[in-house]
Amino acid sequence: MSFSKAKPRKQIHSRNIVCHGYLREDGLWDIEGSILDTKTYFFENIDRDGIAPGEPIHHMTIRLTVDNNLVIRSIEASTSSSPYLICPDAVKVYSKLKGLQIGPGWRREMKKRIGESNGCTHISDLIVGPLAVTAYQTIIPKIQKKSGNTQKPRKKPLHINRCHALKDSSPIVKRDWPEYYQKPQN
């Protein structure tokens, strides 16, 4: 299914989020992500004396190095473009995430470690959302394949009830995780 034909319009803003997962030679994993925001018009900005069309308003990059258990071994963050000159100072706080495991409760623990206003909302959102998913998508299938464990896990998979296709009453859950299948309630 695709979108209907769009009404006449003009692009104003673009946000590009790109994430990649890499297996390192030492057996650890690098999960990298970036966020890039641009506008199609001149954007008033005091700190940068304005931002030209196409010039990044935000450009942040992050590298998480994690182990097979999704524990953060190291983290690097960089802000190369931001609307305020003090924004790059926020990257220092992310070193507090070292040792944290990506998994249930990890968003809450991240917030506890760095606080609400000590980091950068764009970097934090990238870490807890797209980078966490990229880490999971990169590592878990490779670990299962390497160990020969492609069987369904005994514990309820974290992704059940996180989307339409994997709600506990879906035919996919019935097929792949029958022990967690629930008949639809009508």
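We did not get these values from a lab; they are worked out from the coordinates using the rules stated. Being a predicted model, the structure only gives us computed values, none of them experimental. Every residue, glycine as well, gets a Cβ built from its backbone with ideal geometry; the counts of neighbours run over all protein chains shown.
Candidates are the residues of the range 36-70 that are among the β-branched types (Val, Ile, Thr) and surrounded by 14 or more Cβ atoms within 10 Å (Cβ to Cβ); the one that is nearest to residue 100 (Cα to Cα) is 66. Taking the condition without any contact (Cβ under 8 Å) to a residue 12 or more places away in the chain, under 30 Å from residue 132 (Cα atoms) and more than 25 Å from the chain's Cα centre (by Cα), does residue 42 pass? Against the criterion (without any contact (Cβ under 8 Å) to a residue 12 or more places away in the chain, under 30 Å from residue 132 (Cα atoms) and more than 25 Å from the chain's Cα centre (by Cα)), residue 42 does not qualify.
Do we have residue 6 as surrounded by 11 or more Cβ atoms within 10 Å (Cβ to Cβ) and either free of Cβ contacts under 8 Å to residues at least 12 places away in the same chain or not hydroxyl-bearing (Ser, Thr, Tyr) (or both) here? Taking the combined requirement at face value, the residue does not satisfy it.
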